[in-house]
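All remarks here apply to the structure that follows.
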Amino acid sequence: MSEPELAHAGLNLGPSAELTRDGAENAIFGFWIFLMSDAVIFALLFATYGTMVAGTAGGPTPASEFKLLPAFVETLLLLTSSATFGRASIAMKYAEPRRTLFGWLGATLGLGLTFLALEANDYATMVAHGAVPSRSGFLSAFYALTGLHGLHVAVACFWLVVMVGQVLAYGLDARVKINLLRLGLFWHLLDIVWIAIFSVVYLQGAIR
Amino acid sequence: MSPSTPVLPALLGRFGWHDLPFVRAWQNPTASEIIGAFAGGLVVVGAIAVAAVLTRHRWWGRLWSEWLTSLDHKKIGIMYVVLAGVMLSRALIEAVLMRMQQAVAIDAPGFLSPDHFGQLFSTHGSIMIFFMAMPFLTGLINYVVPLQIGARDMAFPWANSVALWLTIGGAGLMMASLVVGEFSTGGWSGYPPYTERDFSPGVGVDYWIWAVTLGSIGSTMAGINIACTIYKLRAPGLRFMRMQMFCWTSLCTAILMIFAMPPLTVATLLLALDRYADFHFFTNDLGGNMMNYANLFWLFGHPEVYILILPAFGVYSEVVSTFSSKDLYGYVSLVLATMAIAVLSFTVWVHHFFTMGQSANINAVFGIATMTIGVPTGVKIYDWIWTMFRGEVRFTVPMLYSIAFMMTFVLGGFTGIILAMPPLDYLVHNTLFLVAHFHNMLIPGLLYGMLAGYHYWFPKAFGFRLDERWGRRAFTCWVVGFYLAFFPLYVLGASGMARRTQAIFEPSFRPWLYVAGVGAFILLAALASLMIQLYVSIRDRAATMVEAGDPWDGRGLEWSVAAPPPEYNFAGLPHVDGRNPFYDDKHDAGRPDPYRSPTDYSDIEVPRGSMAGIAIGLGAAVAAFGLVWEMWWLTLVAAEVVVAALILRSFGRNQHRTIPAAEIAAEHEAWLARVRATRPIPRRLETQAINRGLAEVRA
């Protein structure tokens, strides 16, 4: 029986004795399952947001709080960061010079951090005129949903820094490669979740 | 508990002397407080006693290097089951206390204060579900599934250790709540708004939140690991439709864990946001909506029922087939029924709150969906009965549990159909009828199954059989005790007695409460019998050794290796070409000898131990303890330990140890030689000393 072409869903690094021995296929598959259970958490927070968006308790409303322009810029930042991470993965797959890999990873990190800074700025603006989570159920749900996403982005940025450290320490050995693939999947999931946030939270808020 | 003045708030947060049950009992020596202080004292003395024994025998080093830091799925499985046993003891004693209170508190105050009673039913439920049932089934799956699918370990041995230690950390918080502070009085489901700060300002609900959250995250990780193991690590030729039934039910349970534990995590964390950061998810005011909590909680809570029951169904399938010496009847229908139950379990959660205001049509949909689950479950019962039909049935202890399960569980199923009809549910909602029903499902549907699995696989794990006589005594007590303790509750519930009642004002309930109280004591005797059985079995183990590894004429791959199995499980990976690979090899003359040497031996890599799992699990528990008591510095420090352990582990290399082929060959050949020297025995002698773990092959 010949080996199947695609060892796991997503970008494959191709046949490598080292990767097979360290179980790249299982490792990536397991991470996919983890992402699914993480996606359940986001789905539930979306559902909670949906039921609570009307619970403004006479306070700020989606229309009064959401600014489409910064949210749109944040969307562009994250989408671009997915592209740069994809480019970093390809640099890893084709063993491009280390400098190229670091360049793309650095760009991804920069975009992620900029996103976080802009989101923090959004929060600060809202807090400045009293739209704090303790004000209403709607704001609680908004902060929990976007906050959990922001927390994921922050964790991903931190993880990226750790991965750069591992590349410096070990080069691209099997485990570093597997973990970079996993981080890539994580990063792309955050993008998808953000697109849902942009559509469900911000765009719907603007047309209300 | 009245709030007391904080001591050194910068260091100890909101801790005051009054938070120690000993101080409370000193100041206010009522029976209730003295019992609380005694329980707290028992935890402290128990911990000191264990530490003393370990120090005296100089076992700390071995315990640390061979067990606590081990990544071996077999040892992790055993540690899960030990945790379940400890927690079962506590929660069962709590149940006896509650039964005693209700028996004496008829037109009288009884000996437990309402607050103490509330804590008891909250800890009893939370422990039984999250720290008895979940660790028990996770432990069995951990031990058995890799052996059944011909794997050397789980897919993620290290994550396995982290999941174990997160669960132990959660259980540790439950134990800490006995010694410092108090526990929630909000029940195991912790419904807001009662559990919000406005109504429950103390530390109790926070203990509940963080203990459950740690257990929930641990179970999610376990689910991912089990599913990935079964999907990816099956031996060559082991197609899905050739798997043992226990693997199927484990797979379905794992899938349920992956999708059903996150709602619980979300529910508890949103409640934590409400309590700690003044959010308004479930509050009465400012747009909060308690129904979101009910939906989130039961979106977890109902699949959870099947997480608990499916592994037991798997155990029964193995046990009934083995002890009838017959193929499992209706294998395909059992697989389909298991899958159907897993899918349907996500469609019925509203039946936990029929009375909470949704429309009659919605209730009808969920009521019908609920009744539908009876169909695949019925299929299973018939399949097990047909498996026994004309088999060589032996009434060993696991088989007794299986038969008691079939009869008792069906009765519980009938009362479930009653509860599934919304108009009838309205009548008995929140009464003891419901309590009787879910104990009637979970004691046979979980506990008997776990105990059957414990008896069945114990000789595999430790190399000697458990004592049959004490096993039968324990079995008798579990069954008689169950009927006496819970069938009166159906009567009481139908007569309108509310659940979770600390004092009763209806004298006609008295006889039923007395009977239930007697039943509770018999259940306690059942637990004592289990402990005596373990002691007797260890003492007399020389007479029950089954080193050849196959005491029950087993069918799956787990019986084809030594008992206890070597660290690497299989000297050579098996090739599977049927549903009962080991049984067929033994009994079919045309097939290869199951005790042959592998064609060649090769080096095997096994994971080295790691202390990162214990650091992460206990670090998370300490961080949670800091959150409970608002000792922010402690949370910060412990959280840093967790993150540091995670990063250090990811930087680690050389995390495997290679066992050389020569060593494996020597060990395996020596075992094969001992197997050849073992006398095969016929089935009728399998509970006697002559059974050394080799089955006689009928001509």
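Counting Cβ atoms of other protein chains within 10 Å of each residue's Cβ and taking the mean over peptide A:125-137 gives 3.
Using the crude model of +1 on Lys and Arg Cβ and -1 on Asp and Glu Cβ, and no other charge, please compute the dipole size for the protein assembly as shown relative to its Cα centre, in debye to 20.
It works out to roughly 1440 debye.
Set Lys and Arg Cβ to +1 and Asp and Glu Cβ to -1, take the dipole of chain B about its Cα centre, and tell me which of B:427, B:256, B:280 lies farthest positive. Selected residue: B:256. A Förster radius of 25 Å, combined with the Cβ-Cβ distance separating residue B:362 from residue B:407, puts the computed FRET efficiency at roughly 0.15.
Most exposed first by the Cβ proxy, i.e. fewest other Cβ within 10 Å, how do A:181, B:573 rank?
Fewest-to-most ranking of A:181, B:573: B:573, A:181.
For region A:146-181 and region B:226-283, write down the distance between their C-alpha centroids in whole Å. Measuring centre to centre over Cα atoms gives 25 Å. Panel order for B:168, B:129, by other beta carbons found within 10 Å of each beta carbon, from fewest to most: B:129, B:168. Shown is the FRET efficiency for residue A:95 and residue B:636, computed with R0 = 45 Å from the Cβ-Cβ distance and rounded to the nearest 0.05: 0.60.
Work out, step by step, the length gained on full extension between residue B:679 and residue B:55: first 0.36 nm times the residue separation, then minus their alpha carbon distance; give nm to one decimal. Walk me through the intermediate numbers first.
Numbers: separation 624, 0.36 × 624 = 224.64 nm, distance 4.15 nm.
Computed gain between residue B:679 and residue B:55 is 220.5 nm.
By the rule of a C-alpha distance below 18 Å, with chain neighbours fewer than 8 residues away ignored, the aspartates and glutamates paired with residue A:67 are A:119, A:122.
Fully extending the segment from residue B:543 to residue B:588 would add 13.2 nm, taking 0.36 nm per residue of separation and subtracting the current Cα-Cα distance. Sites listed here are trypsin sites (Lys or Arg not before Pro) in region B:527-609 whose DSSP assignment is loop and whose Cβ has at most 16 other Cβ atoms within 10 Å: B:596, B:608.
Our summary gives region B:59-545 a relative contact order of 16 percent, counting only alpha carbon pairs under 8 angstrom and 6 or more residues apart. Residues considered: A:99, A:135, A:87. Largest GNM mean-square fluctuation over chain A, using C-alpha springs under 10 Å, is found at A:99. Averaging Cα coordinates gives a centre for region B:557-571 and one for region A:100-114; these two points are 49 Å apart.
Helix content alone sets the calculated 222 nm mean residue ellipticity of chain A: runs of n ≥ 4 DSSP H residues at -39500 (n - 2.57) each, divided across all residues, give -26000 deg cm²/dmol.
Relative to the Cα centre, what is the charge dipole magnitude of region B:59-545, using +1 at the beta carbon of each Lys and Arg, -1 at the beta carbon of each Asp and Glu, and rounding to the nearest 20 debye? Present the calculation step by step, with values, prior to reporting the outcome.
Values: 26 positive and 23 negative charges, 338 e Å.
With only Lys, Arg, Asp and Glu charged at Cβ, the dipole is about 1620 debye.
Can you bin region B:59-545 into rounded, prolate or oblate? Criterion: square roots of the alpha carbon gyration tensor eigenvalues sorted a ≥ b ≥ c, rounded for a/c under 1.5, prolate for a/b above b/c, oblate for the rest. Rounded, since a/c falls under 1.5. Counting Cβ atoms of other protein chains within 10 Å of each Cβ in B:256-263 and taking the mean gives 4.
Taking a straight Cα-Cα cut-off under 17 Å and skipping sequence neighbours fewer than 8 places away in the same chain, the aspartates and glutamates within cross-link reach of residue A:177 are A:18, A:22, A:25, A:96. Compute the whole-percent fraction of alpha carbon pairs in region A:17-207 spaced more than 30 Å apart. When all Cα pairs of region A:17-207 are counted, 28 percent exceed 30 Å. Sorting B:132, B:339 from the fewest to the most surrounding beta carbons within 10 angstrom yields B:339, B:132.
Projecting the Cα atoms of A:126, A:97, A:167 onto the charge dipole of region A:17-207, computed from C-beta unit charges around the Cα centre, puts A:97 farthest toward the positive end.
Restricting attention to chain B, lysine pairs at least eight places apart or on different chains and with alpha-carbon atoms under 23 angstrom apart total 8. So if I take the centroid of the Cα atoms in region B:294-364 and the same for region B:61-92, what is the distance between those two points in Å? Between the Cα centres of region B:294-364 and region B:61-92 lies a distance of 28 Å.
With +1 assigned to the C-beta of every Lys and Arg and -1 to the C-beta of every Asp and Glu, and no other charges, what is the dipole magnitude of region B:204-317 about the Cα centre in debye, to the nearest 20? Please report the intermediate quantities before stating the final value.
Values: 5 positive and 5 negative charges, 173 e Å.
Using Cβ point charges on Lys, Arg, Asp and Glu, region B:204-317 gives about 840 debye.
The trypsin sites (Lys or Arg not before Pro) found in region B:170-269 that occupy coil by DSSP, while having at most 12 further C-beta atoms within 10 Å, are B:239.
Annotation note: trypsin sites (Lys or Arg not before Pro) in region B:316-418 located in DSSP loop regions with a Cβ neighbour count of at most 12 within 10 Å are B:390.
Computed from the alpha carbon positions, the gyration tensor of the protein assembly as shown leads to an equivalent ellipsoid with semi-axes of 42, 39, 26 Å, biggest first. Modelled this way, with points 7 Å down the Cα-to-C-beta line, the labels at residue B:390 and residue A:195 are 6.0 nm from one another. Using R0 = 22 Å, the C-beta based FRET efficiency linking residue B:418 and residue B:332 works out to 0.10.
Test of understanding: what is the full-extension gain from residue A:20 to residue A:83, defined as 0.36 nm times their sequence separation minus their Cα-Cα distance? Each step should come with its number before you reach the end.
Details: separation 63, 0.36 × 63 = 22.68 nm, distance 2.71 nm.
So the chain would gain 20.0 nm between residue A:20 and residue A:83.
Ordering B:192, B:484, B:582 by Cα displacement along the dipole of chain B toward the positive end leaves B:582 in first place; charges were set at the Cβ atoms of Lys, Arg (+1) and Asp, Glu (-1). Taking every residue in A:25-33 and counting other chain Cβ atoms within 10 Å of its Cβ, the average works out to 5.
Working from label points 7 Å from Cα in the Cα-to-Cβ sense, the residue A:102 to residue A:161 distance is 1.7 nm.
None of the figures in this text is laboratory data; all of them are computed from the coordinates on show. Only a predicted model underlies this, so the values are computations on that prediction, with no experimental measurement involved. Neighbour counts run over all protein chains shown; Cβ positions are idealised from the backbone, glycine included.
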